[in-house]
1. Between copies, how far apart are the B:Gly414 label points? List them in nm, one decimal, shortest first, with each point 7 Å from Cα toward Cβ, please?
2. Compute the Cα gyration tensor for segment A:33-176, then decide on rounded, prolate or oblate, letting a ≥ b ≥ c be the square roots of its eigenvalues: rounded whenever a/c is under 1.5, prolate when a/b is larger than b/c in the other cases, and oblate in all that remain.
3. P(r) for segment A:217-300: what percent of alpha-carbon pairs falls in each 10 Å bin, starting at zero?
4. Packing-wise, with mean Cβ within 10 Å as the measure, how do B:112-124, B:423-435, A:417-429, A:221-233 rank, highest first?
5. For the protein assembly as shown, take every pair of Cα atoms, bin their distances at 20 Å starting from 0, and report each bin as a whole percent.
6. Hey, what did segment B:327-452 get for relative contact order, percent, Cα under 8 Å, at least 6 apart?
7. Along the positive direction of the dipole of the protein assembly as shown (beta-carbon charges: Lys, Arg +1; Asp, Glu -1; about the Cα centre), which of A:Met66, A:Gly185, B:Gly311 reaches farthest?
8. Excluding same-chain residues fewer than 8 positions from A:Lys95, which aspartates and glutamates have a Cα within less than 17 Å of its Cα?
There are 2 protein chains.
Amino acid sequence: SYMIWCRNVVFAKIGEDWIFLLLLGVSMALLSFAMDFTIAKCQKAHYWLYMELSQYPLLQYLAWVMFPVIFISFSAGFTHIVSANAIGSGIPEMKTILRGVVLKEYLSFRTLVAKIVGLITALGSGLPLGKEGPFVHIASMVAQLLSKLVTSFRGIYENESRNSEMLAAACAVGVSCNFAAPIGGVLFSIEVTSTYFAVRNYWRGFFSAVCGAFIFRLLAVWNREEETITALFKTQFRVDYPFDVQELLAFAVIGIVCGFGGALFVYFHRQVVYFNRKHRRLTYFLQKNRFIYPAIIAFICSSLTFPLGLGQYMAGELTQKEAINELFDNHTWTKGQADVDEELIISHWKHPQSNIFVTLVIFIVMNFWMSAMAVTLPVPAGVFIPVFVLGAAFGRLVGESMAAWFPLGVRSDGIPHRIIPGGYAVAGAAALSGAVTHTVSTSVIVFELTGQIAHILPVLIAVLVANVISQWLQPSIYDSIIQIKR
Amino acid sequence: SYMIWCRNVVFAKIGEDWIFLLLLGVSMALLSFAMDFTIAKCQKAHYWLYMELSQYPLLQYLAWVMFPVIFISFSAGFTHIVSANAIGSGIPEMKTILRGVVLKEYLSFRTLVAKIVGLITALGSGLPLGKEGPFVHIASMVAQLLSKLVTSFRGIYENESRNSEMLAAACAVGVSCNFAAPIGGVLFSIEVTSTYFAVRNYWRGFFSAVCGAFIFRLLAVWNREEETITALFKTQFRVDYPFDVQELLAFAVIGIVCGFGGALFVYFHRQVVYFNRKHRRLTYFLQKNRFIYPAIIAFICSSLTFPLGLGQYMAGELTQKEAINELFDNHTWTKGQADVDEELIISHWKHPQSNIFVTLVIFIVMNFWMSAMAVTLPVPAGVFIPVFVLGAAFGRLVGESMAAWFPLGVRSDGIPHRIIPGGYAVAGAAALSGAVTHTVSTSVIVFELTGQIAHILPVLIAVLVANVISQWLQPSIYDSIIQIKR
């Protein structure tokens, strides 16, 4: 009878475990979809306002600039009042928690509310901020609350090891629901949060992540955005001859530059924080007037991206999602003949007084420091997506240069195979985000994001090279933040 | 000065580490390519012999049957004489070693020679045997030897923890070079060998695996087999609408059946071993006459696959590689109109007196028990590829049935999207191999193998469902082998 009792308990626990993981995945998918929806609406409203006032350039400028300033200020204020724990990415703190440090109140309901509202308003502002890190934090809080809400789960996660198992799965779900990338999500969360990883947690995270990604994409089908379940940033690169072996050298160069660039980003971000902290008067002033710093940064950034001003030379009117979609575009922008769809994309990146190379360079340089500044704001915001966009832009730059240099492809004999600049953009995005976060699983994330894996070797080479260089020069952005907070 | 000395030592070690991982990847790639080449030549010789004698059916039969009997007998004899440690897969033993158990002589040079020669002859015979497990073992031995050969490496891997780091990387390289699947290789090797995994080993395995996969595929380009670096079993499925959401149910059914099928395979394999062991006289007889058992099994299997006999109803003349390529085919076999290439593929699976459904069922049933028997032979051989082929055949069966049932696709409204049976074959292959080995990373392996990731959700669902069921019913094949050996 003791045996039977034991078996019953074990079975009941396994059953509960499954249900819990399923619930976690589904609820995070719903949350992710709802948040994406709201954020997109905010960004549309911003653009709509700008377009409506097209007869009054000054009003246009005011609308373009005040919208982010108000949103960011609200986000900063709300987060400060409700829970200051919601500030920032959340991955560094989750890393600390998973190592056994108890951060009080970090996973409370109050923090959850602050993080969700703060994140929606921060991203709705249109500043170069990300959703990935905060989503890992949100998933962990949802997991914690789910286990508390449903009484019968309480038993499972009472002891510490099970609690950390649950949080590890939650981190995976967080990344996965964000990108609809279950495999990459699991791996990325392992890389950024764990030192030693229990392999039995692996399928738990996997299961939950698949549930999450499935529901997340299914919602898009139900919402008539997509015909069927597909990748988030689906690409249509040629697969019969995706790249030539000689092109791998150019991909290695992307890796090298992204490695140095990633290290520079981490260094620059830390210097911004240290600068603010070093000047005592400045610190005092900023602490007294909490809205000043976010408002100033939002003002500067949105002034610079104003589409009638400098913005026209740096694709300023594009949201991050639009920018990624266009940078991953299948066509070669310098090719000459372009159809209507293509022309529309190119028009964002080409200016009568300039060309796409100049635009891309300005885009990269401006967004580089703006992203690093924006991430230091006291709002819930991640660093992954801004860096991802930067990397994509750099990759596109290299790809377009290659395409201009070798119009018929690099092969001297046989059938010419043109270069695909979009493939370079994918590799660049993976390499720079990998360099900043010290992960190689960004490569898997881009395969899942684009729905294509033909560029696997170029991407892996770029990511590995970038990682080697940035790991040698700087800590990861998350370790850097831990270092700053200490 | 102490600091400088320290730094020098650390730097020197990091440098050596890199070089070691690079060398390991490259040498395993060369080995894998050379072995594939030799095995393919053996299999071609077998088929050539069969075709040359086409006027004398009896001689044809003799040639078709004696060839494998001789090869398998040689393999069994050679392995027995040189090193009995080379028998079997190698993954169970590597799992044991990585948990800290010392298996004497298991990684010696003698075992390496026995494993390589034994594996080439065993696979050259054409029996349903795999190369993955043995390759993990071979990679570990090569790593061990590399570290001994190059004097300066000796320092690095003297202590135990570094030694196990090296072996973990080697396991990853072994899988990766086999399938040209670096990411899947790393994950698969983690899943089958580790309980707790040190995340810092992850990039080591990754780096080495990427080097290996790169060189492995580059050799194919240099050898004029491929135009550029591509996937090993490249598929060309439609990506704009790879599957309908409703089709996911069919994929879940594949997962359920593969889960039960995988558990049955593990159970059946164990029963075969126990049967041989239980009958004392049989055991004694077999030990005395070591060639009898392998020769009998080889004789039975090749008699059954004889293309003029039963083989014509079960695609008996195809090698495993050919079978995978054809099962992953893009076309629907029941469609009616077929071009020349298609007709050739279908001709292997269709018989005037039968249809493709019957052929597939016979193929699955016969190969199921033949694979389980073949794996018990005392030769170096793995279980992954035979099971992979079985799963692919089952998936193709479900896919073709679906295509016959819904000729215009499952959607009732809008544009009809036909069903892609090849996608089902890919999911089936991943699900069954995942069920037998208790891994979810088989999903990643199939994406890398086929070069397409559009079917990510169906594959993940099938693999997860299959894993849940088979983990509930049976241990993994590797744990089962450990259990048998105890």
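1. 3.9
2. Numbers: a/c = 3.08, a/b = 2.67, b/c = 1.15.
Verdict is prolate for segment A:33-176.
3. 13, 19, 18, 24, 20, 6, 0
4. Highest mean packing first, the order is B:423-435, A:417-429, B:112-124, A:221-233.
5. Spelled out bin by bin, the protein assembly as shown gives 13, 44, 33, 9, 1 percent.
6. On the way: 156 pairs, mean separation 34.3, N = 126.
Relative contact order here is 27 percent.
7. The Cα lying farthest towards the positive end belongs to A:Gly185.
8. A:Glu105, A:Glu132, A:Glu160, A:Glu165, A:Glu191, A:Asp479
Readers should treat all values here as calculations from the given coordinates under stated rules, not as data from a laboratory. These numbers come from a predicted model, not from an experiment. Cβ coordinates were reconstructed from backbone atoms using ideal geometry, including for glycine residues, and neighbour counts include every protein chain displayed.
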